[in-house]
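To start, the structure under review is shown below, and the notes come after it.
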Amino acid sequence: MERIQDRINEQSPWEHITEGNKIFEAATAREFCTGEWRTSTPVFEREKCKQCLLCVPVCPDSSIPVSAGKRADFDYEHCKGCGICAKVCPFGAITMREGK
Amino acid sequence: MAIRERLSGNEAVAYAIKQINPDVMPAFPITPSTEIPQYVATYIANGEIDTEFIHVESEHSAMSATIGASAAGARALTATSSCGMALMWEELYVAASDRLPIVLALVNRALTGPININADHSDSMGARDSGWIQIYAESNQEVYDNFIQAFPIAEHEKVHLPVMICQDGFITSHGVENILLVEDDKVKAFVGEYEPEHYLLNPNEKMAVGPYAVSNYYMETKRAQRQAMLEARQVILDVAKKFEEMTGRHYAFFEEYRMEDAEYAVVIIGSAAGTCKAAIEHIRSTTGKKVGLVKIRVFRPFPEEELAKALAHVKAVAIMDRSEMFSATSGPLGAEVRAALYQAKSSVDTVNYFYGLGGRDITVADFEQVYENLEKMARTHEPVGMYGYIGLRSEQGKEV
Amino acid sequence: MVQTAYNFKEVMSKPERLAPGHRMCAGCGGTITVRNVLRALKEGDKAVIGNATGCLEVSSYMYPYTAYEDSYIHNAFENAGATLSGVETAYNVLKKKGKIKDTYKFITFGGDGGTYDIGFQSLSGAMERGHDMVYVCYDNGAYMNTGTQRSSATPQFADTTTTPAGSVSAGKVQIRKDLAAIIAEHHVPYVGQTTFTSNFKDLYTKAQKAIYTPGAAFLNVMSPCPRGWGYETSELMNICKLAIDTCYWPLFEVIDGQWILSYEPKKKLPIEEFLKPQRRFRHLFKKENEELIGLFQEEVDRRWEELKNRCN
């Protein structure tokens with residue numbers, strides 16, 4: 001899929017700037033990788049997870065994908081490593097590791 | 001057949017709004033523009049239009065809600081004056097940089113302080129750099145005609161800029177004059193149905209408006225905005241031409257009055273042009289002196305080259321400002337006109353006067369004095385009464 | 001009034017309406033508010049999201065990156081209420097004219113700066129006019145976007161960059177403004193005050209009621225800010241729990257003028273428990289400031305009793 005940053009980026013000439021800085025699509029922020037910010041990283045231990053999903057709503061970065069009532073591994077492209085999820089997990093299925 | 005009526009300037013604007021039947025009008029009352037939302041509210045109360053009125057709690061919210069409505073895909077407008085516009089200040093910039101085709105009916109009134117409710121141009125002139133198209137009127141007829149042309153200019157795909165339709169507080173807003181109104185169906189056809197391409201409520205596309213943009217984008221954004229203002233020039237002329245085909249009334253960037261052979265010219269904006277015209281007729285008929293007038297209609301975008309051309313053959317020019325800008329030198333029109341003349345390498349003698357601040361009268365005799373000064377300047381090449389206030393009381397006697 | 005059973009797993013399986021890739025800080029409470037409020041939208045319903053200038057705005061729509069799955073408008077700092085009322089009115093007109101068929105909902109977010117303070121008038125106007133919209137305040141108790149200056153939502157004695165604790169200052173002098181009560185006095189059909197609880201039922205159901213109650217609605221959501229409050233990012237849910245259990249941040253709603261307490265702790269904890277983990281209250285634990293904690297406790301107690309009386 002075509003990415004917005006291929007069309008508009010910090011080197012774009014003025015003629016390519018969208019009118020009034022409006023963007024005519026949704027959720028283009030997905031293209032921006034905030035995972036690089038991490039100084040510590042949550043590690044998901046699937047075998048310990050009971051799929052209670054209590055970690056899902058507390059993520060400020062929508063980085064715990066859920067489908068059909070089950071969570072998958074972290075979205076490391078975007079997870080900033082805040083560690084809230086690890087603290088709320090009742091089963092010790094998330095541990096924080098130093099570094100990216 | 002055009003409809004003959006007698007209307008005040010505010011009634012004329014309200015009538016144009018009724019004919020256009022826009023979608024959303026948020027407004028907050030302020031003298032002397034209050035009647036416009038009052039009339040519109042009455043049309044709505046009587047089921048004559050289906051515009052939604054938003055009873056906002058301030059002018060800041062009036063422009064904010066107008067921006068929201070316009071971004072959402074509605075044809076939206078508001079009306080205000082003076083301090084009301086000052087309270088909208090930040091929002092004027094947002095409307096223009098978001099490229100929203102909003103129309104503002106501005107009834108020019110002096111900015112505070114002291115509080116004064118009468119005409120001058122300090123409100124709109126202060127907003128001259130906000131990115132709005134500004135169109136001024138001499139008479140009720142002109143403000144009505146300008147208003148009907150506003151949406152077609154603003155909504156043109158090459159423009160997408162907000163338009164301010166200005167008239168002088170009380171002088172035209174409350175003065176009742178004979179007026180020719182265009183028939184409803186013709187106005188509807190002229191203005192057309194609003195079909196924006198991009199809008200928040202577009203079922204086929206999501207839109208985000210109003211981002212934070214870092215330096216790498218800001219300057220390119222401003223350049224793009226400038227392009228719209230450049231494109232607006234031709235669009236304003238095209239819309240005027242279409243309007244002339246419909247009504248026979250001619251509009252351009254400015255009106256040239258007795259300029260074909262003029263040696264001494266006044267450049268002015270708004271209702272005082274009528275007084276100046278009376279002075280011109282009197283001078284020409286009693287002395288035969290060749291005096292003329294350029295009345296600016298479109299101040300933004302400023303018609304730099306055209307104006308310099310119109311003034312190319314005159315010996316001296318008086319540029320008349322109805323607002324101070326406290327640069328300690330010129331007024332806003334003075335600065336623009338002299339820049340235009342300089343750029344055209346014109347060596348015409350110029351003088352910049354202030355007049356009519358806070359509703360002070362300017363008379364035929366005052367204009368006759370201005371033309372006398374110009375004649376003297378053409379002989380001596382020295383400006384007479386530079387930056388003087390016409391009609392000012394002073395211990396030293398008259399300034400001009 | 002909307003009344004549906006809360007099924008946590010089903011709710012968590014609804015599609016995200018706030019995309020990742022926004023630039024809010026790690027551990028930000030503001031985005032947790034946004035995600036979980038937007039989750040309350042019905043899947044088929046469209047929405048226009050408004051936003052006052054603030055952390056959220058400059059981080060969630062940095063050109064050309066919008067984090068929203070829905071249409072979004074930011075106008076300025078002080079006018080989120082008025083801006084969205086324009087959008088909502090446009091919707092009503094275009095719907096009446098047959099130009100729009102879909103159902104849209106209107107939700108705007110503002111921090112406490114944009115809501116309690118600079119945008120207060122615009123919010124009050126929008127609420128009074130009764131637009132069918134929800135104003136959500138993500139209340140983190142200071143102007144965080146500009147670096148933790150005090151707001152009228154800042155609690156008394158908090159150390160902020162404009163009310164710094166010093167040798168002759170114990171932080172902010174004044175007590176908090178009670179904005180939820182002020183908006184309730186506008187007699188809008190729905191006002192809710194909430195924060196994050198472990199299964200988010202309180203926030204979700206209040207968001208659902210706010211969105212689907214016809215007319216103007218207001219949600220006040222305590223959204224902790226790890227940088228401004230001074231606690232470890234991972235501690236967020238613990239901070240929220242302490243705020244609720246000390247009755248510092250009571251959960252309640254006002255439905256058609258009727259005040260309803262949503263939660264009463266079995267054992268009301270002393271306010272120290274909430275204050276202690278936060279750097280902004282560190283100076284209160286110095287020997288010379290001991291009586292200030294007592295004053296803080298008195299204010300919490302006074303408000304809690306007042307609220308309970310309203311809810312009876």
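The values are calculated or read from the model by the stated rules, or taken from the named source; none is laboratory data. Predicted model, so just to flag it, every value in this text is computed and none were measured. No Cβ is skipped: glycine too gets one built from the backbone with ideal geometry, and neighbour counts run over all protein chains shown.
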Query raised in the report: Which is surrounded by fewer than 18 Cβ atoms within 10 Å (Cβ to Cβ), touching a helix residue (DSSP H, G or I) at 6+ places or on another chain (Cβ under 7 Å) and either in contact (Cβ under 8 Å) with a residue 24 or more places away in the chain or not basic (Lys, Arg) (or both), of A:83, A:69, A:92?
Result: A:69
Query raised in the report: If you take the residues of the range B:139-167 that are charged (D, E, K, R) and crowded, with 24+ Cβ neighbours inside 10 Å, which of them is farthest from the chain's Cα centre (by Cα)?
Result: B:145
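Which of the residues belonging to the range C:48-91 are of a type in the set (A, V, I, L, M), within 17 Å of residue A:23 (Cα to Cα) and crowded, with 24+ Cβ neighbours inside 10 Å? Full working, then the answer.
Residues of the range C:48-91 that are of a type in the set (A, V, I, L, M), as a first pass: C:48-49, C:52, C:56, C:58, C:62, C:67, C:73, C:76, C:80, C:82, C:84, C:87, C:90.
From what's left, within 17 Å of residue A:23 (Cα to Cα): C:48-49, C:58, C:62, C:67, C:73.
Within the range C:48-91, C:48, C:49, C:67, C:73 qualify.
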Report task. Please determine, by comparing only the residues of the range C:52-89 that are farther than 22 Å from residue C:42 by Cα and of a type in the set (Val, Ile, Thr), which one is farthest from the other protein chains (Cβ to nearest Cβ). Result -> C:53
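Can you find a residue in the range B:1-10 that is surrounded by 24 or more Cβ atoms within 10 Å (Cβ to Cβ) and either at pLDDT 95 or above or more than 7 Å from chain C (Cβ to nearest Cβ) (or both)? Talk me through it step by step, then tell me what you get.
Narrowing the range B:1-10 to residues surrounded by 24 or more Cβ atoms within 10 Å (Cβ to Cβ): B:9-10.
If we keep only those that are either at pLDDT 95 or above or more than 7 Å from chain C (Cβ to nearest Cβ) (or both) as well, we get B:9-10.
Taking every residue of the range B:1-10 in turn, at least one turns out to be surrounded by 24 or more Cβ atoms within 10 Å (Cβ to Cβ) and either at pLDDT 95 or above or more than 7 Å from chain C (Cβ to nearest Cβ) (or both).
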Report summary line: Apart from one, (1) more than 21 Å from the chain's Cα centre (by Cα); (2) surrounded by fewer than 19 Cβ atoms within 10 Å (Cβ to Cβ); (3) not assigned by TED's automatic domain parsing to the domain that holds residue B:180 all hold for residue B:262; the odd one out is (2)
Query raised in the report: Quick one: would you say residue C:195 is closer than 16 Å to residue C:223 by Cα, over 14 Å from the mean Cα position of the chain (by Cα) and crowded, with 23+ Cβ neighbours inside 10 Å?
Result: no
Query raised in the report: Do the conditions hold for residue B:238, that is, is it more than 14 Å from chain C (Cβ to nearest Cβ) and more than 25 Å from the chain's Cα centre (by Cα)?
Result: no
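Within 7 Å of chain C (Cβ to nearest Cβ) and either at pLDDT 95 or above or not in a loop (DSSP other than H, G, I, E, B) (or both): which single residue out of B:199, B:217 fits that description? Steps first, please.
Working: B:199 fails: within 7 Å of chain C (Cβ to nearest Cβ).
Checking each option against the conditions leaves just B:217.
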Report task. Kindly indicate which of B:59, B:48, B:52 is surrounded by fewer than 24 Cβ atoms within 10 Å (Cβ to Cβ) and in contact with a helix residue (DSSP H, G or I) (Cβ under 6 Å, 6 or more places away or on another chain). Result -> B:52
Report task. Could you check how many residues of the range C:24-43 are of a type in the set (Lys, Arg) and either in contact with a His (Cβ under 8 Å, 6 or more places away or on another chain) or facing chain A (nearest Cβ under 7 Å) (or both)? Result -> 1
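Here is a yes/no grid of residues against (1) within 14 Å of chain A (Cβ to nearest Cβ); (2) closer than 13 Å to residue B:20 by Cβ:
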| position | (1), (2) |
| --- | --- |
| B:109 | no, no |
| B:115 | no, no |
| B:123 | no, no |
| B:131 | yes, no |
| B:152 | no, yes |
| B:170 | no, no |
| B:184 | no, yes |
| B:190 | no, yes |
| B:193 | no, yes |
Query raised in the report: For the range B:304-348, which residues satisfy the criterion of being surrounded by fewer than 20 Cβ atoms within 10 Å (Cβ to Cβ) and either hydroxyl-bearing (Ser, Thr, Tyr) or part of a strand (DSSP E or B) (or both)?
Result: B:327, B:329, B:342, B:346, B:347
Query - Output for the range A:1-59, where each listed residue is at positive phi, assigned to a loop (DSSP other than H, G, I, E, B) and within 14 Å of chain B (Cβ to nearest Cβ) - result: A:27
